[in-house]
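S.K.: One structure, as structure tokens, below. Some questions next.
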Amino acid sequence: MSTRRGTGVANDAASSNPFGTAMTTRTHPEAATASALMAAPRIRKEAASLAVRPHWCADETAGGAFSWAAMRARLAGLPGGGLNIAFEALDRPVREGRGAHLALHWLGEDGDERRFTYDGLRRQANRFADAVTRLGLVRGERLFVLAPRLPELYVAILGALKAGVVVSPLFSAFGPEPIATRMSLGQARALVTTSGLFARKVAPVLAQIPTLAHVLLIDDGSGPLPAGTHDLGALLRDASDDFECAPTRPDEMALLHFTSGTTGRPKGAVHVHEAVVTHYATGLYALDLHAEDIFWCTADPGWVTGMSYGVIAPLLHGVTMIVDEAEFDPERWYRILAERNVSVWYTAPTAIRMLMKAGSELARRFPHPKLRFVASVGEPLNPEAVTWGVEALGLPIHDNWWQTETGGIMVANAPAFDIQPGSMGRPLPGIEAAVVERLAGGGIRLIDEPGEQGELALKRGWPSMFRGYLNEDERYRKCFAGDWYLTGDVVRRDAEGAFWFVGRADDVIKSAGHLIGPFEVESALMEHPAVVEAGVIGKPDPLLGEVVKAFVALRPGFEPGDALQRELMAHARKRLGAAVAPKEIAFVPALPHTRSGKIMRRLLKARELGLPEGDTSTIETGS
Ligand code: AMP
């Protein structure tokens, strides 16, 4: 294992507390239990050689003095006690003198570049806010965004938030079906998209979105804009760059993030403007953003990471954020790290595994002396990936954990702490996390024993906690046991307080970091006339974490074969988009069911993997 000067990293089996300040690392007698969980030697941090002193150490509020109220007090707030995410992200830095600092450095796929200062981005967002207000959008109405990572996407998100309009992002690789489902559940009033995406993915399903009144198009040159739509460029040109921020309340809905469950339709997780307090705090303690940083979050704003940390948190800290329009490409990414002087990088395990596959040699061809901190989220990060970081990048990868419902990072390997590769880290300041067992009567039991596995639960009270699933109170209520939010993830906690991911408690699939609901895929497959029933699982994949695999039973009169398989694949891709469609389809004579009629995906998965089938007492005979 090599170490590099200036990275502050050494690989060692010993525990250390290099700063001796507010850190909570403890060594317990039970450490033996914890060490059994460790897959690779601990990576020790050397305080003296860390390039920048982490906030967690420099800032005493991270220790015993932490409070959410103290974090909130660092933000500006609106006159009259209101709070607005975009005001904090744009107007506050400008008022504090960072107006001329570069906020957004956009790298176009074809080599174009666009730069926005904090004041420039603020003015553009104001124009957008003014334009949608003039169109008649009012506070609380929903604006969806469906676009590649173009500057207009960022302007639209921030501008809508300033106008008090709720933003709901869609991933641009979704097909028409997931788009229509989400826009109709979210009662979309307005949509920002490109002319090409509109024609291909939205126009065919417009009838399913009767609430949609305004379509604002980013002209991508794909043809004349359809009648009844607006040219976003023209709207922005005609609007005023002076806009008084809507007086949004802290508990007012700001963002609506759709996420997938095991059954039923996707769930719209409601987030409020107060979430900005968590975005700010986690920008400090988990990502360690300092004002001179150049920060690159590779996540797309179509997902929660790309929103919380690809738009909001970096602006709250006055840093320069890099936005790359292009898709993953190892050489391009290394070039960006090197040539754009990225200092803090937030990416995902799938991307890291793909970089590992491309080889460390490539990494070494692009020295990036400014890079000082690398973090990752979204799926389990293999211990080898953490240590590969040290070899290839000169820095370990810091895994952290959170989910759409939590709105921000909850558990993290923070820069000041040693890393146990394979662990997600510890709860951040202000976050109380526990391992629990659900009890039959609806209650829970807190599991104190280190190493014992159970569900990860978080104590209510952090500002970015989701405040509901849109129009689904019962589904929301079921996520809580008293004061504890139950995350649906199975974890272990070791004797030192670090959390280790074990798996999901349900059947949702994580492929390339994207959460996919099996039900949505099964439903799309069953629309095909040949399919009588479909069961969908996540099949482990060394690169993507999991890939979507579908088992289909055919109607009488249809024969399994390559041609039908190709046809079903094409059907699924067309309906669902490449990000969600199955990568594998297998034909089966029948699917296993519980006696109550549910498809036993757990059994399909066990059979696929050659694992024990577990309790099959509820299985319908004949499957
Ligand atoms: P999403 O809501 O799409 O952000 O997905 C959240 C889910 O991704 C979590 O509930 C976990 O199952 C998984 N996840 C996120 N971060 C991690 C991590 N660091 N390690 C393991 N799984 C993770």
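The values are calculated or read from the model by the stated rules, or taken from the named source; none is laboratory data. What you see is a predicted model; the values in this text were computed from it and never measured. Virtual Cβ from ideal backbone geometry, glycine too; neighbours counted across all protein chains shown. We work out accessible area using only protein heavy atoms, side chains counted, and drop any ligands, DNA or RNA first. Shrake-Rupley method; radii C 1.70, N 1.55, O 1.52, S 1.80 Å.
S.K.: Quick one: Cα centre-to-centre distance for the stretch 224-239 and the stretch 175-195, in angstrom?
M.R.: Comparing the Cα centres of the stretch 224-239 and the stretch 175-195, I get a distance of 18 Å.
S.K.: What are the lysines whose alpha-carbon lies under 30 Å from the alpha-carbon of K598, with same-chain residues fewer than 8 places away excluded?
M.R.: Straight-distance partners of K598: K267, K478, K510, K539, K549, K574, K583.
S.K.: Using only C-alpha atoms and all pairs of different ones, pull out the Kirkwood radius for the chain in Å with one decimal.
M.R.: Numbers: mean 1/r = 0.0396 Å⁻¹.
Radius from the Kirkwood sum: 25.2 Å.
S.K.: Would you be so kind as to identify all helices of the chain, as entire DSSP H runs, whose Cα atoms reach 20 Å or more along the helix's own axis and whose mean Kyte-Doolittle hydropathy is at least -0.5? Walk me through the numbers before you get to the answer.
M.R.: On the way: long enough: 118-135 (26 Å, -0.80); 562-576 (21 Å, -0.83).
The answer is none, since no helix passes both cut-offs.
S.K.: Roll a 1.4 Å probe over the protein chains and send me the accessible area per residue for the stretch 524-597 in Å². Can you show the working numbers first?
M.R.: Details: 3460 Å² over 74 residues.
Normalised by residue count, the accessible surface of the stretch 524-597 is 47 Å².
S.K.: Quick one: ranking H55, H257 by accessible area, 1.4 Å probe, largest first, what do you get?
M.R.: Working: H55 35, H257 10 Å².
Sorted descending by solvent-accessible area, the residues read H55, H257.
S.K.: Compute the distance from the alpha-carbon center of the stretch 61-103 to that of the stretch 265-303, in whole Å.
M.R.: Rounded to whole Å, the Cα centres lie 14 Å apart.
S.K.: Taking just the alpha-carbon atoms of the stretch 134-276, what radius of gyration and Dmax come out, in angstrom?
M.R.: Cα-based Rg and Dmax for the stretch 134-276 come out at 14.7, 46 Å.
S.K.: If you don't mind, another one. In the chain, if the dipole is taken from +1 on Lys/Arg beta carbons and -1 on Asp/Glu beta carbons about the Cα centre, which of L543, V521, M410 is farthest to the positive end?
M.R.: Checking the options against the dipole of the chain, the answer is M410.
S.K.: Could you compute how much accessible surface D562 exposes when probed at 1.4 Å, giving the result in Å² to the nearest 10?
M.R.: Here the residue's solvent-accessible area equals roughly 110 Å².
S.K.: Please report the orientation-averaged projected area of the stretch 251-343, defined via the convex hull of its C-alpha atoms, in nm².
M.R.: Working: hull surface 29.6 nm².
For the stretch 251-343, averaging the hull's shadow over all directions gives 7.4 nm².
S.K.: If you don't mind, another one. Report, in whole Å, the centroid distance computed from the Cα atoms of the stretch 510-533 and the stretch 408-445.
M.R.: Cα centroid of the stretch 510-533 versus Cα centroid of the stretch 408-445: 31 Å apart.
S.K.: Quick check for me: using +1 on Lys/Arg Cβ and -1 on Asp/Glu Cβ, what's the dipole size of the chain about its Cα centre, in debye to the nearest 20? Walk me through the numbers on the way to the answer.
M.R.: On the way: 66 positive and 73 negative charges, 51 e Å.
That gives the chain a dipole magnitude of about 240 debye.
S.K.: Please list the equivalent ellipsoid semi-axes of the stretch 509-609, computed as the square roots of five times the alpha-carbon gyration tensor eigenvalues, in descending order and whole angstrom.
M.R.: On the way: eigenvalues 78, 57, 29 Å².
They are 20, 17, 12 Å, listed largest first.
S.K.: How big is the stretch 362-471 by Rg and Dmax over its Cα atoms, in Å?
M.R.: 17.1, 59
S.K.: Related question: So what does the Cα-only Debye profile of the stretch 476-545 read at q = 0.13, 0.15 Å⁻¹, as log10 I(q)/I(0), no solvent term?
M.R.: Each listed q maps to, in turn, -0.57, -0.72.
S.K.: Given the rule -39500 (n - 2.57) for each run of at least 4 DSSP H residues, summed and divided by the residues of the chain, what is its mean residue ellipticity at 222 nm, to the nearest 500 deg cm²/dmol? Each step should come with its number before you reach the end.
M.R.: Details: 18 runs with 152 residues, N = 623.
When only DSSP H runs of four or more count, the value is -6500 deg cm²/dmol.
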